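J.: A single structure is presented below for examination.
The values are calculated or read from the model by the stated rules, or taken from the named source; none is laboratory data. Since the structure is predicted, the reported quantities are computational estimates derived from the model, not experimental observations. Cβ atoms come from the backbone with ideal geometry, glycine included; neighbour counts cover every protein chain shown.
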Ligand SMILES: [Zn+2]
């Protein structure tokens with residue numbers, strides 16, 4: 001994918017700590033205040049439905065959360081199809097809920113498999129292989145109808161290539177008022193996802209998750225035997241416990257590579273569709289031009305450690321990663337990506 005680079009650089013001396021909610025609010029006001037006002041005004045009377053398209057772990061949930069922080073959690077809701085399917089799994093174990101579900105499906109399901117067979121497979125928890133598109137559509141419709149008056153950011157649909165074209169007719173199928181629908185497309189290099197997984201560290205006691213490269217704890221340890229630095233859990237109850245790599249994380253993206261390639265194909269397919277506005281977000285920009293487009297503090301910092309006189313020193317500098325074409329890139333923090341999202345939303349909605 002080759003998405004345009006969005007300029008969020010202001011070229012002044014203002015600096016923000018984007019991890020701090022208060023400073024983040026100021027940041028958004030400075031970078032896209034007028035656009036936020038336009039969207040807030042629009043959302044008083046209108047909504048839209050957006051399909052979040054991008055690889056697994058590309059930050060869809062994070063960007064959604066930040067957008068709802070800016071525009072109001074009562075206005076914006078992230079709807080994960082994966083979570084929805086898992087919730088159905090437990091719903092069918094409850095007699096009253098199961099009855100409601102079946103009643104809803106009797107009215108709304110249109111598909112080629114008999115409803116009785118689908119309900120039977122839901123009941124036997126054999127849901128993974130036997131949930132046809134038509135059933136997913138009916139279930140999403142049900143979730144959307146529970147959220148009247150809200151913007152829905154739909155995550156995890158379409159799940160495959162066929163559904164990309166299906167999704168264009170989705171609004172009609174769900175009869176979701178007269179609101180526009182939009183593709184929000186997110187491009188993240190494989191390598192960034194790979195590195196995020198490989199640097200992930202977990203506390204075996206409290207399950208807290210941090211990153212040795214991207215989100216270290218306040219205390220760092222050094223293992224003389226392996227000559228490696230490690231994170232020490234910040235939780236008081238964990239007594240300075242060593243955080244460790246989760247089993248399988250050393251493989252990085254390998255176990256999910258097929259899925260990521262499919263997600264990428266969906267993104268490419270979606271890009272060729274006419275008739276739906278597309279918002280294009282990129283997480284990484286070439287390092288040699290990065291400073292022309294973004295302010296230094298908008299780049300994701302990477303951390304490394306050195307030992308000096310028996311003390312461990314933390315070094316912070318922009319994190320540089322090769323993208324899928326081998327170009328050295330910086331990775332953006334979530335906030336500048338959300339600025340690009342907000343500005344493009346105003347264009348897509350023509351407000
Ligand atoms: Zn812990």
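J.: Taking region 17-46, which residues are over 20 Å from the mean Cα position of the chain (by Cα), in a loop (DSSP other than H, G, I, E, B) and under 18 Å from residue 63 (Cα atoms)?
T.: 17
J.: Would you check which residues across region 242-260 are away from the ligand (no atom under 14 Å from the Cβ) and surrounded by 15 or more Cβ atoms within 10 Å (Cβ to Cβ) and list them?
T.: Step one: filter region 242-260 for residues away from the ligand (no atom under 14 Å from the Cβ), giving 245, 247-260.
If the condition is that a residue be away from the ligand (no atom under 14 Å from the Cβ) and surrounded by 15 or more Cβ atoms within 10 Å (Cβ to Cβ), then 245, 249, 252, 253, 256, 260 are the ones that fit.
J.: Which condition number in (1) surrounded by 15 or more Cβ atoms within 10 Å (Cβ to Cβ); (2) within 25 Å of the chain's Cα centre (by Cα); (3) closer than 24 Å to residue 321 by Cβ; (4) within 16 Å of the ligand (Cβ to nearest atom) is the one that residue 209 fails?
T.: (1)
J.: Can you tell me which residues in region 27-45 are closer than 22 Å to residue 291 by Cβ and without any contact (Cβ under 8 Å) to a residue 40 or more places away in the chain?
T.: Of everything in region 27-45, just one residue is closer than 22 Å to residue 291 by Cβ and without any contact (Cβ under 8 Å) to a residue 40 or more places away in the chain, namely 30.
J.: Next up: Of everything in region 228-241 that's surrounded by 15 or more Cβ atoms within 10 Å (Cβ to Cβ) and outside any loop (DSSP other than H, G, I, E, B), which residue is nearest to the ligand (Cβ to nearest atom)?
T.: 238
J.: Sticking with this structure for a sec: Return yes or no: is residue 63 within 26 Å of residue 160 (Cβ to Cβ) and part of a helix (DSSP H, G or I)?
T.: Yes; evaluated as a whole, the condition is true for this residue.
J.: Would you mention how many residues in region 139-173 are farther than 21 Å from residue 46 by Cβ, at pLDDT 80 or above and surrounded by fewer than 21 Cβ atoms within 10 Å (Cβ to Cβ)?
T.: Looking only at that region, the number is 2.
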